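Some notes on the structure that comes next.
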Amino acid sequence: MTFSGFSQEKKSGPVVEGYGQVWAIENPDFKTDTSQEFKVVFDVKDGPESDTEININLNTVARFLNLHAQNGIPLSQLKVALIVHGTAARNLLSDEAYQSRYRVKNPNRELVEKLLDAKVEVIMCGQSSKTRGLPKEDLIPGVKIALSAMTANIQLQNQGYRPIKL
């Protein structure tokens with residue numbers, strides 16, 4: 001039995017290759033306006049319990065980029081920020097800093113670097129940085145530190161970014 005209108009295989013890319021796989025949706029009833037700008041701020045506070053797992057919430061940011069690009073929205077119309085705090089903060093550590101703490105390389109490093117390459121503004125909560133002992137020099141290059149996750153969220157929302165809490 002086959003189901004028309006459904007792709008049978010998920011696909012990653014073209015923005016973040018190897019991450020953020022999505023299904024093709026044929027002829028959706030709610031049409032996507034490919035002419036508009038999509039400004040979104042993802043708020044991620046939860047990280048995986050395991051030191052060796054990718055944070056699925058970070059992967060969702062890759063899915064957002066890939067699914068829109070696969071459906072005709074240019075990267076120039078995708079304005080994406082990622083604010084990280086809480087237990088997810090450690091997911092922004094460099095391999096060296098992560099390995100010194102958890103005895104393995106950071107499974108999220110490559111994904112975070114690909115998000116940065118895709119022009120995602122990756123922001124760590126300064127309060128989480130201090131509370132969890134994660135100084136800027138231990139972070140993946142390109143990650144910014146804000147006064148707080150709350151402050152960054154307010155500023156970005158004042159600039160027209162829509163919040164998505166993961």
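In this structure, the residue pairs whose Cα-Cα separation is over 19 Å, taken from 31/114; 39/119; 45/105; 45/130; 11/105; 105/144, are 31/114; 45/105; 11/105; 105/144.
DSSP bridge analysis restricted to the chain gives an antiparallel fraction near 15%, rounded to the nearest 5.
Semi-axis lengths, largest first, of the ellipsoid equivalent to the range 41-166 are 23, 17, 12 Å, with √(5λ) applied to each eigenvalue of the Cα gyration tensor. Which residues make up the longest stretch of the chain that has no GluC sites (Glu not before Pro) in a DSSP loop with at most 13 other Cβ atoms within 10 Å? Maximal segment without exposed cleavage sites: 54-166. For residue 79, the accessible area of its heavy atoms, probed at 1.4 Å with every protein chain present, is near 70 square angstrom. Protein-only accessible surface at a 1.4 angstrom probe places the residues 33, 95, 117 in the order 117, 33, 95, largest first.
In order along the range 15-20, the phi-based Karplus estimate (6.51 cos²θ - 1.76 cosθ + 1.60, θ = phi - 60°) of 3J(HN,Hα) comes to 7, 10, 5, x, 9, x Hz; Gly and Pro are listed as x. Between the alpha-carbon centres of the range 40-63 and the range 77-132 there is a gap of 9 Å. Over all orientations, the range 1-107 has a Cα convex hull whose mean projected area works out to 8.7 square nanometres. The heavy atoms of residue 101 present about 90 square angstrom of accessible area, all protein chains included, probe 1.4 Å.
The values are calculated or read from the model by the stated rules, or taken from the named source; none is laboratory data. Model, not experiment: these values are computed from the prediction. With ideal geometry, Cβ positions are generated from the backbone for all residues, glycine too; neighbour counts draw on all protein chains shown. The area values use the complete protein model at the heavy-atom level, side chains included, leaving out ligands, DNA and RNA. Shrake-Rupley method; radii C 1.70, N 1.55, O 1.52, S 1.80 Å.
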